[in-house]
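The values are calculated or read from the model by the stated rules, or taken from the named source; none is laboratory data. From a predicted model like this one, the values you see are computed outputs, not experimental measurements. Methodologically, a virtual Cβ is constructed for each residue, glycine included, from the backbone with ideal geometry; neighbour enumeration extends over all protein chains shown. Protein only, heavy atoms only, side chains kept; ligands, DNA and RNA dropped before computing areas. Shrake-Rupley method; radii C 1.70, N 1.55, O 1.52, S 1.80 Å.
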Amino acid sequence: MTSMISMRGVCKNFGTQAALTDFNLEVGRSEIVTLIGPSGSGKTTALRCMNFLETHEGGEIYIKGARLGYFEDAAGRRQRDTERNITGVLSPLAMVFQQFNLWPHMTALENVMAPLVLGRRMAKDKARNIAGAALERVGLSHRAAHHPAHLSGGQQQRVGIARALAIQPEVLLLDEPTSALDPELADEVLEIIQALAREGMTMVMVTHEMSFAADISSRVVFMEAGEIIEAGPPRSIFETPDSERLRDFLAPWKRRGLAVHMGRNAGTEAV
Ligand SMILES: Nc1ncnc2c1ncn2[C@@H]1O[C@H](COP(=O)(O)OP(=O)(O)O)[C@@H](O)[C@H]1O
Ligand SMILES: [Mg+2]
């Protein structure tokens, strides 16, 4: 299995607060790894470290076998890599944000073009074609000229996904892609993620949509206080959790009668 992302003993602190402690994760090609856990458990930090939006103080991260962010000098001291090398190592990754992070003064099309033109220095005509195709993929060709303020939340997040897809990533990182959306708008976003999964896109996703996680994930990772408490296929995580902490975490969903193991249309969510 090709390792797309490998995190080995990664540590990340914010001041005296440990956000990740000895964090180990392997993500293979076409795997869909879902991070779940209570608020503050380090899920966002784990994603942001993978994309070097946060720097890690300890351990190593590899993207397709290339070390991210640092190297050891002749004296064995850890040194920060050049920006050029870091950008290169990160090139297979794209991120979808909880709050969409679209530019309000740009149209949908311009938002999707931005990483191509500004980040990758692509000619505008070429970028426009690629961005148009990405918007078509998320069903928003007819909204290309609209500004974010004139799009629904679901449509804004679909633009966010199109922007991520435009750079032709091999791995998508998604941080609670639907949690800022009303439930009726979440579905149109989940359907696109589902379609990408079917096409074999590698994904690392943080979500609180437990039935969706159960349905789509190759592996589910339960985190608490910056550590992985339990990881495994959705069936073992949702149906036969080993740890008390995971059972406690899942209890509210079970109480609400979500048949998490039966796929997202089989539960009682519609009630
Ligand atoms: N920029 C930051 N500055 C200080 N502390 C942070 C920052 N980002 C996250 N933290 C802390 O790190 C821990 C993990 O946060 P986070 O990764 O956002 O958790 P989650 O996404 O699981 O809710 C929390 O204790 C949080 O308060
Ligand atoms: Mg978070």
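When the range 11-49 is filtered for residues that are of a type outside the set (Lys, Arg), within 18 Å of the chain's Cα centre (by Cα) and away from ligand 1 (no atom under 12 Å from the Cβ), the ones remaining, listed by number, are 24, 25, 26, 27, 28, 30, 31, 32, 33, 34.
Determine whether the range 153-174 contains at least one residue that is buried (at least 20 other Cβ atoms within 10 Å of the Cβ), in contact (Cβ under 8 Å) with a residue 24 or more places away in the chain, in a loop (DSSP other than H, G, I, E, B) and within 16 Å of ligand 1 (Cβ to nearest atom). Among the residues of the range 153-174, not one is buried (at least 20 other Cβ atoms within 10 Å of the Cβ), in contact (Cβ under 8 Å) with a residue 24 or more places away in the chain, in a loop (DSSP other than H, G, I, E, B) and within 16 Å of ligand 1 (Cβ to nearest atom), which makes the answer no. The residue pairs whose first member lies in the range 189-204 and is under 12 Å from residue 32 (Cβ atoms), whose second member is of a type outside the set (Val, Ile, Thr) and open to solvent by 20 Å² or more (accessible area, probe 1.4 Å), and whose beta carbons are closer than 7 Å, counting only pairs six or more residues apart or on different chains, are 200/30; 202/29; 202/30; 202/31; 202/170; 203/197. In the range 70-81, the residues that are at pLDDT 95 or above reach residues that are outside any strand (DSSP E or B) and not small (Gly, Ala, Ser) with C-beta atoms within less than 7 angstrom, at least six apart or across chains, in these pairs: 70/81; 71/81; 79/73.
Looking at 106, 95, which is the one that is at pLDDT 95 or above and within 16 Å of ligand 1 (Cβ to nearest atom)? Break it down into steps so the answer makes sense when it comes.
Working: 106 fails: within 16 Å of ligand 1 (Cβ to nearest atom).
Residue meeting the stated conditions: 95.
Look at (1) under 19 Å from residue 97 (Cβ atoms); (2) within 16 Å of ligand 2 (Cβ to nearest atom) and you find that residue 55 fails only one, number (2). Quickly run through the range 92-112 and pick out the residues that are without any contact (Cβ under 8 Å) to a residue 60 or more places away in the chain and within 30 Å of residue 67 (Cβ to Cβ). Of everything in the range 92-112, just one residue is without any contact (Cβ under 8 Å) to a residue 60 or more places away in the chain and within 30 Å of residue 67 (Cβ to Cβ), namely 101.
Can you report the number of residues in the range 123-139 which are under 14 Å from residue 113 (Cα atoms) and either in contact (Cβ under 8 Å) with a residue 12 or more places away in the chain or of a type in the set (A, V, I, L, M, F, W, C) (or both)? Steps first, answer last, please.
First, the residues of the range 123-139 that are under 14 Å from residue 113 (Cα atoms): 123-136.
Now restrict to residues that are either in contact (Cβ under 8 Å) with a residue 12 or more places away in the chain or of a type in the set (A, V, I, L, M, F, W, C) (or both): 123, 127-128, 130-135.
Summing the residues that are under 14 Å from residue 113 (Cα atoms) and either in contact (Cβ under 8 Å) with a residue 12 or more places away in the chain or of a type in the set (A, V, I, L, M, F, W, C) (or both) in the range 123-139 gives 9.
Yes/no per residue for (1) of a type in the set (S, T, N, Q); (2) at pLDDT 95 or above; (3) in the same structural domain as residue 126 (by TED's automatic domain parsing); (4) within 16 Å of ligand 2 (Cβ to nearest atom):
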position: 146; (1), (2), (3), (4): no, yes, yes, no
position: 150; (1), (2), (3), (4): no, yes, yes, no
position: 181; (1), (2), (3), (4): no, no, no, yes
position: 212; (1), (2), (3), (4): no, no, no, no
position: 221; (1), (2), (3), (4): no, yes, no, yes
position: 234; (1), (2), (3), (4): no, yes, no, no
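Can you tell me which residue is most open to solvent (accessible area, probe 1.4 Å) among those in the range 1-17 that are out of contact with any Leu (no Cβ under 8 Å at 6 or more places or on another chain) and within 16 Å of ligand 2 (Cβ to nearest atom)? The qualifying residue most open to solvent (accessible area, probe 1.4 Å) is 17. Of the strands (runs of 3 or more DSSP E) entirely within the range 27-80, those holding at least 3 residues that are open to solvent by 40 Å² or more (accessible area, probe 1.4 Å) and more than 13 Å from residue 206 (Cβ to Cβ) occupy 78-80.
Taking residue 135, is it among the hydrophobic types (A, V, I, L, M, F, W, C), under 21 Å from residue 201 (Cβ atoms) and in a strand (DSSP E or B)? In short, no. Scanning the range 87-123 for residues that are in a helix (DSSP H, G or I), of a type in the set (A, V, I, L, M) and exposed (fewer than 15 other Cβ atoms within 10 Å of the Cβ) returns a single hit, 118.
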